[in-house]
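Worksheet for the structure shown next.
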Amino acid sequence: MLPGRISLHISSNDIMLYLKENGDNVKAIFENKGIDFSIKCEPDSMMGWIDKELLDRILLLLLSDAAKRLQNGGKVSIEACTNHNFDNISIQLSDNGEKINDTGLLIIQHLVATHRGTLKNEYYEQQGNSITIELPIKKDAYETEQLESDNSSAFHIPNNIKLRVPTIEIPSGYEEGNISLQQIMRAPHSANQEFLRRAIDCINEHLSETDYDRQTFASDMGCSVSTLYNKIRELTGKNISNFARDIRIKTACKLAKENPDLRVSDIAYQVGFKDPKYFATSFKRVTGMQPKEYFLQLRRGDNISVVGA
């Protein structure tokens, strides 16, 4: 049984970082079975447009099938690269196991086709499988309604995240015995809002600490820096630095409203900026005006309308 109609939700992501992170997540599963697993991406970093949820399921099916077919001494490798025009990505999964299940391959092929891609499968007797997936990664390869807006420059920390739970039907029993792979590949989407809440709390708890870096942030969140980057980017459209900066500037606006007689430098230090000049630059980048101008309007009692206030 093939999945029903699937809506694409394409967004800009660091595809190579995403693939390596997923590879790191499942490596221990294979190692526990005595299966050698490796992943190689060329280049190491590459921004492109993909549906991460759909690609998650493609990888999950491929890796679940490989984990079920291979035994101790087996080998699985993923190699990803882009073409010369950087508008296409090739993901090749190779293993030395028995031939992949035709039903599973049919489902994966359907998902790949939904993503406007192609799948090529080759089986070599006593050598194993080689599955190559080609996906377009340029924005113009997809229709406008399939694209999720890139809010990387917008100052918006959502209070209520609208979570989308895709519905892809997998044949009953297909992943029997590989539940741990499914759990580790992608946490339940209901956890996204809790993750973002904890991330915002972490920044607020260390608001005045100028040396609170991304390594410490990731450690406090109980994850790697790359995982933190991917999740923050996925949920807010920002990188880690801009995510933290925007929270600090939003707090600075709040402090200024509560006490407009405070000096700009005083507020800068309170929200974790060592240099008031850099604070002023960041403040203008987020709100569209210099902090002195913002304070002056507050003291005059003007009705201020800026992005970050």
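The values are calculated or read from the model by the stated rules, or taken from the named source; none is laboratory data. Just so it is clear, the model here is predicted, and its values are computed rather than measured. We place every Cβ from the backbone using ideal geometry, glycine too, and count neighbours over all the protein chains shown. Surface areas here come from the heavy atoms of the whole protein model, side chains and all, with no ligands, DNA or RNA. Shrake-Rupley method; radii C 1.70, N 1.55, O 1.52, S 1.80 Å.
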*Could you please let me know if Ser64 is within 21 Å of Gly128 (Cα to Cα), in contact with a Ser or Thr (Cβ under 8 Å, 6 or more places away or on another chain) and not β-branched (Val, Ile, Thr)?*
no
*asked:* Checking Asn72 against (1) at pLDDT below 90; (2) open to solvent by 30 Å² or more (accessible area, probe 1.4 Å): exactly one of these is not met. Which one?
replied: (1)
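For Ala268, state whether it is in contact with a Phe, Trp or Tyr (Cβ under 6 Å, 6 or more places away or on another chain), part of a helix (DSSP H, G or I) and among the hydrophobic types (A, V, I, L, M, F, W, C). First the steps, then the outcome.
Values: in contact with a Phe, Trp or Tyr (Cβ under 6 Å, 6 or more places away or on another chain): yes; part of a helix (DSSP H, G or I): yes; among the hydrophobic types (A, V, I, L, M, F, W, C): yes.
It is true that Ala268 is in contact with a Phe, Trp or Tyr (Cβ under 6 Å, 6 or more places away or on another chain), part of a helix (DSSP H, G or I) and among the hydrophobic types (A, V, I, L, M, F, W, C).
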*Looking only at the range 28-53, which residues are open to solvent by 50 Å² or more (accessible area, probe 1.4 Å) and either among the charged types (D, E, K, R) or within 11 Å of Ala67 (Cα to Cα) (or both)?*
Glu31, Asn32, Lys33, Asp36, Lys40, Glu42, Asp44
*Out of Thr114, Thr118, Thr82, sole residue that is modelled with pLDDT of 95 or more and under 22 Å from Asp51 (Cβ atoms)*: Thr118
*Tally of residues being in a helix (DSSP H, G or I) and in contact with a strand residue (DSSP E or B) (Cβ under 7 Å, 6 or more places away or on another chain) across the range 14-25*: 5
*asked:* Exactly one of these conditions fails for His156: (1) open to solvent by 70 Å² or more (accessible area, probe 1.4 Å); (2) under 30 Å from Pro276 (Cα atoms); (3) under 23 Å from the mean Cα position of the chain (by Cα); (4) at pLDDT 50 or above. Give me its number.
replied: (4)
*List every residue pair whose Cβ atoms sit under 6 Å apart, with the two residues 6 or more apart in sequence or on different chains, where the first one lies in the range 96-111 and is open to solvent by less than 20 Å² (accessible area, probe 1.4 Å) and the second, anywhere, is assigned to a loop (DSSP other than H, G, I, E, B).*
Gly97/Leu70; Gly97/Gly74
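Residues of the range 195-211 being within 22 Å of Leu255 (Cβ to Cβ) and open to solvent by less than 30 Å² (accessible area, probe 1.4 Å), which ones? Spell out the reasoning first.
Step one: list which residues in the range 195-211 are within 22 Å of Leu255 (Cβ to Cβ), which gives 197, 199-211.
Ala199, Cys202, Ile203, Leu207, listed by residue number.
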_Being surrounded by fewer than 19 Cβ atoms within 10 Å (Cβ to Cβ), closer than 17 Å to Leu8 by Cα, in contact (Cβ under 8 Å) with a residue 40 or more places away in the chain and hydroxyl-bearing (Ser, Thr, Tyr) is the requirement here; does Thr132 meet it?_
no
*Here are some residues: Asn259, Asn239. Which one is open to solvent by 40 Å² or more (accessible area, probe 1.4 Å), touching a Phe, Trp or Tyr at 6+ places or on another chain (Cβ under 7 Å) and either modelled with pLDDT under 90 or under 28 Å from Leu19 (Cβ atoms) (or both)?*
Asn239
*Only residues in the range 208-233 that are assigned to a loop (DSSP other than H, G, I, E, B) count as the first member; pair them with residues that are modelled with pLDDT under 90 and open to solvent by 40 Å² or more (accessible area, probe 1.4 Å), Cβ under 7 angstrom, at least 6 apart or cross-chain, and list the lot.*
Thr210/Lys274
*Identify all residues within the range 216-267 that are within 14 Å of Phe283 (Cβ to Cβ), of a type in the set (S, T, N, Q) and in contact with a Ser or Thr (Cβ under 8 Å, 6 or more places away or on another chain); write none if there are none.*
Asn242
